[in-house]
1. Within the stretch 43-56, is there a residue that is charged (D, E, K, R) and crowded, with 20+ Cβ neighbours inside 10 Å?
2. Looking only at residues that are over 13 Å from PRO106 (Cα atoms) and either in contact with a His (Cβ under 7 Å, 6 or more places away or on another chain) or crowded, with 16+ Cβ neighbours inside 10 Å (or both) in the stretch 211-230, which one is modelled with the lowest pLDDT?
3. List pairs: first residue in the stretch 57-69 and within 17 Å of GLY18 (Cα to Cα), second residue of a type in the set (D, E, K, R) and surrounded by 13 or more Cβ atoms within 10 Å (Cβ to Cβ) anywhere in the structure, Cβ distance under 6 angstrom, at least six positions apart or on different chains.
4. Kindly indicate whether ARG121 is at pLDDT 95 or above and either surrounded by fewer than 19 Cβ atoms within 10 Å (Cβ to Cβ) or among the charged types (D, E, K, R) (or both).
5. Specify the residue that is modelled with the highest pLDDT; the eligible residues are those in the stretch 135-155 that are polar (S, T, N, Q) and closer than 14 Å to GLN6 by Cα.
6. Would you confirm, using the coordinates I've provided, whether PHE155 is in a strand (DSSP E or B), aromatic (Phe, Trp, Tyr) and within 22 Å of the chain's Cα centre (by Cα)?
7. List, please: which pairs have Cβ atoms under 8 Å, are six or more places apart or on different chains, and start with a residue in the stretch 211-239 that is of a type in the set (D, E, K, R) and end with one that is buried (at least 19 other Cβ atoms within 10 Å of the Cβ)?
Amino acid sequence: MVQELQAEVVVVGAGPAGCAAAYYLARRGVDVVVLERATFPRSKVCGDGVAPRAVRALHDMGLEQELEQAGYRRIRAFRVVGSWGEAVKAGIRRRNCTPDYAYVVPRSHLDDMLVAAVRRRGARVIEGVRAQGTLTQTCGSRLGVTALKADGSTFVVKARVVVAADGSRGSFSRSFLPRGALTPNVIALRAYMAGVEEVDDALHFFLDKPLLPGYGWIFPGGRRGAPANVGVGMPVPALRRRKMGLRDVFSWFLGPSRRGGTSRAPGLADPPPSPSTAVCTRQTGGWVPSHRWRCC
């Protein structure tokens, strides 16, 4: 007999979007079940930057204080660097009720913190299960989702509303969206690196000609002594027109330890052997992991 759960809303995906939806629904007294394929804590490919609008949301959820208690510092500036080393540094401006600072928080910590907050609000979060699709049969006006456990057994969550928050690479969203709706638009590669020199407490963006229309970045560790987040991102069509693969672009960005000559991003050590890759779609506008490589 197939196990059956009842809820008002089922959310597929426990990343920031799914957790935010579940949190605010649960805060209003809605019975919510969240289904997540991974188990927490887990790493996820991302630049780890928490922009001011996201900071405002975390503050509203009561989580900013938790970040500061964990030692995460406020990042109040960003620097844009051109091909010949020209740089412009500016402060992050306060606007539309958002703060004048950001954070850098690894997704392994941020997402785990969000899931804990969702559970404290009373939502049920079920980890290590794969949502397979929406129900084809309804019970009155109720819809639902079928899910697969790690042991191969299935269960059903019946609900009035289904929220798909599993990202552009999610198999659940692809099961009912039109073909091609989640075609990758941008691809990125990043690694965590220790011992990065000549980088102050600002978000660094590199607009080198070989990277355009993409860019490179170096984000300082969110906590003192933490490794920097270093990466490059580029639109897929632009990358296809090049004779270099994304790993080659990343190697060029890192500098002499890989290619000889002058470093574009000075002070970077050799990257880990398996940097992580992400893709982005026009629909989501956010970084989503590719599981081709293990997160470093």
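1. yes
2. LEU211
3. LEU58/GLU64
4. It is true that ARG121 is at pLDDT 95 or above and either surrounded by fewer than 19 Cβ atoms within 10 Å (Cβ to Cβ) or among the charged types (D, E, K, R) (or both).
5. THR146
6. When the stated conditions are applied, PHE155 does not pass them.
7. Short answer, once both residue conditions are applied: ARG223/TYR72.
Let's see how each residue does on (1) farther than 30 Å from LEU212 by Cα; (2) touching a Pro at 6+ places or on another chain (Cβ under 9 Å); (3) among the hydroxyl-bearing types (Ser, Thr, Tyr):
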position	(1), (2), (3)
ARG53	no, no, no
ALA57	yes, yes, no
MET61	yes, no, no
GLN65	yes, no, no
VAL80	no, no, no
GLY85	no, no, no
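The values are calculated or read from the model by the stated rules, or taken from the named source; none is laboratory data. Everything quoted here is computed from the prediction, not taken from an experiment. Every residue, glycine as well, gets a Cβ built from its backbone with ideal geometry; the counts of neighbours run over all protein chains shown.
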